[in-house]
Amino acid sequence: MATVRSLIAIAAKKKWHISQLDVNNAFLHGDLHEEVYMQAPPGLETQAPDLVCKLNKSLYGLKKASRQWYDKLTEVLYSRGYAHSMHDYSLFHRKQGSSIVFVAVYVDDVLLTGIDSEEISQLTVFLHDRFRIKDLGQLHYFLGLEVLYKSDGIIVSQRKFVLDLLREYDCLHSPALASPLDPTVKLKAKEGTPLLDPTSYRKLIGKLNFLTNTRLDIAYGVQHLSQFMQDPREPHLQAAHRMLRYLKKDPTLGLYFSNTDDLSLKAYCDSDWAACPDSRKSVSGYVVFLGGSPISWKSKKQETISLSSAEAEYRALRKVVGELVWLSRLLEELTVPINLPIPVHCDSLSSLHIARNPVFHERTKHIEVDCHFVRTKLQDGLISLHHIGTRQQLADVLTKSLTGIKHCSVLGKLGVVYAGSALVD
């Protein structure tokens with residue numbers, strides 16, 4: 001999804017038209033390169049009861065059907081001069097002189113964008129001849145993402161998904177709340193009465209997790225509640241229902257991608273030291289902006305226990321630098337010039353000193369070697385490190401529960417905006 005968000009953000013800034021295609025019966029187009037047999041379907045009369053059918057083409061229900069479809073699509077795009085991205089295999093591109101076209105694929109949903117509108121039209125006809133596709137025109141609805149075009153940019157939201165979720169859990173008439181989780185409540189793994197039906201909790205968290213594709217404001221809450229999937233308790237379910245009441249406050253919130261010429265990258269990272277009351281592990285969070293629009297973010301509990309807040313911040317720094325290495329390569333492939341070094345903002349002076357000063361051996365000798373990857377990228381000139389105050393730390397919302405006032409004040413700075421009445425039925 002980071003690739004899709006990046007593609008939409010770049011298209012908004014470069015005024016590219018985004019087309020959407022849907023492939024009819026995609027899995028049936030796959031070719032089988034080995035012998036595969038299936039039992040005779042019900043109703044088929046055979047002379048012997050033990051006869052089986054040999055498949056000549058791929059079929060829905062076949063475990064390798066999706067891979068065979070991808071191989072077939074790749075073969076067809078290759079024949080027209082396209083190559084797949086080395087940084088995301090769901091992205092294809094063709095660059096010939098001034099003609100640049102990108103193709104993003106998610107199973108049977110295809111996005112087309114780029115400079116050459118004539119090639120996009122010809123590619124649409126070409127794919128229709130090979131597969132029979134449905135041309136859905138300009139991108140408006142993709143993988144549950146609703147795309148709204150405005151004079152100053154693009155807004156991507158999941159309004160319909162949120163409203164359906166609220167309707168399913170009977171929350172449309174519940175009082176709204178200003179923050180996803182109660183900052184005064186500490187959830188523990190074994191506290192409270194176990195749920196009689198844990199499946200309902202897992203289903204709800206799965207849907208909330210899908211919603212984080214556009215709602216980074218609930219990313220911390222969702223990753224926190226996801227830790228209790230194995231043995232959910234009543235307090236965990238109550239917290240999940242509280243998040244639904246927060247979503248009810250404004251179901252149309254979405255990501256804003258401006259159409260300004262700013263294509264600069266910048267990142268924020270933060271951590272909450274020993275945040276987990278059960279394991280005492282810390283939580284890392286980061287968000288990456290392209291021209292002021294968020295394209296990538298993460299909220300995740302760290303794999304190991306950090307012995308200090310500086311170490312926890314340093315680990316969070318490593319995560320965002322790893323993401324920036326990938327994003328810089330992807331954006332370069334998407335014809336976006338990267339101005340180096342990329343500024344990374346952190347509110348811990350100690351972690352910045354560790355990254356800049358290789359003589360801090362006594363304080364850092366217990367930290368894994370891969371964490372010092374940050375120091376290497378700093379010396380290579382990929383990133384520059386900047387200290388900011390806690391109040392300016394935009395990644396704070398990805399590491400802990402905030403009060404309603406603090407939570408709402410940071411949303412506009414994160415590029416999460418109200419889509420307005422244009423999205424209301």
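Some observations on this one:
- For the chain, the longest principal axis of the C-alpha atoms and the axis of helix 2-14 are separated by about 90°.
- Length added when fully stretched, SER384-HIS140, from 0.36 nm per residue minus Cα-Cα: 84.1 nm
- Protein accessible area in the chain, 1.4 Å probe - carbon and sulfur %: 53
- For the stretch 218-257, the equivalent ellipsoid derived from the alpha-carbon gyration tensor has semi-axes of 23, 13, 5 Å in decreasing order.
- Here the Gaussian network model covers the chain, with springs between Cα atoms less than 10 Å apart; of LYS319, LYS13, LYS134, LYS134 fluctuates the most.
- The C-alpha atoms of the stretch 280-425 occupy a region whose extents along the principal axes are 60, 40, 25 Å, arranged from largest to smallest.
- Here is the tail figure for the stretch 1-136: Cα pairs spaced more than 17 Å apart come to 64 percent of all pairs.
- Computed over every Cα-Cα pair of the stretch 162-271 and binned at 5 Å starting from 0, the pair-distance distribution P(r) comes out as 2, 11, 21, 21, 18, 12, 7, 4, 3, 1, 0 percent.
- Top positive-direction residue, dipole computed over the chain with Cβ charges, set HIS224, THR304, SER351: SER351
- Cα lying deepest toward the dipole's positive end in the stretch 1-148, options LEU111, LEU123, ALA11, charges on Cβ: ALA11
- The angle between the Cα long axis of helix 234-249 and the main principal axis of the chain comes to about 80°, on a 0 to 90 degree scale.
- Stretching the chain fully between SER409 and TRP326 yields a gain of 26.9 nm (0.36 nm per residue, less the alpha carbon separation).
- Placed amide H near ASP347: partners under 5 Å, 5+ positions off or other chain: ILE388
- Label of the coordinate-derived value, volume of the Cα convex hull per residue in Å³, listed as (i) 144; (ii) 197; (iii) 179: (ii)
- Around the Cα centre of the chain, unit charges on the Cβ atoms of Lys, Arg, Asp and Glu (plus for the first two, minus for the last two) sum to a dipole of about 980 debye.
- Alpha-carbon centroid distance for the pair the stretch 295-341 / the stretch 129-206, whole angstrom: 26
- Amide hydrogen proximity for SER264: with H placed 1.01 Å from N in the peptide plane, the residues at 5 or more positions away or on another chain lying under 5 Å are GLY291.
- Checking the cross-link pairs LYS14/LYS319; LYS281/LYS319; LYS365/LYS406; LYS95/LYS134; LYS248/LYS319 against a 27 Å limit on the alpha carbon distance flags LYS14/LYS319; LYS365/LYS406; LYS248/LYS319 as lying beyond it.
- For the chain, a Gaussian network of Cα nodes joined below 10 Å ranks SER258, SER226, SER350 by mean-square fluctuation, and the top entry is SER350.
- Potential lengthening of the chain between ASP231 and ASN24 amounts to 70.5 nm, from the contour at 0.36 nm per residue minus the alpha-carbon distance.
- With Cα atoms, 0 to 90° folded angle of helix 198-211 axis to the chain main axis: 90
- Peptide packing for 371-380, 106-115 was compared via the average number of neighbouring C-beta atoms within 10 Å per residue; ordered from the highest value, the list is 106-115, 371-380.
- Per-residue SASA entry for LEU127, accessible area with 1.4 Å probe, Å² rounded to 10: 10
- Across CYS346, CYS53, CYS269, mean-square fluctuation computed from a Gaussian network of the chain (C-alpha pairs under 10 Å connected) peaks at CYS53.
- The magnitude of the dipole of the stretch 192-313, with charges of +1 and -1 set on the Cβ of Lys/Arg and Asp/Glu and taken from the Cα centre, is near 460 debye.
- For the stretch 332-417, the solvent-accessible area works out to 52 Å² per residue, with a probe of 1.4 Å and every protein chain left in place.
The values are calculated or read from the model by the stated rules, or taken from the named source; none is laboratory data. Predicted, not measured: the structure shown is a model, and the values here were computed from it. Cβ sites come from the backbone with ideal geometry, for glycine too, and all protein chains shown count toward neighbours. Side chains are part of the model used for accessible areas, which takes the heavy atoms of the whole protein and leaves out ligands, DNA and RNA. Shrake-Rupley method; radii C 1.70, N 1.55, O 1.52, S 1.80 Å.
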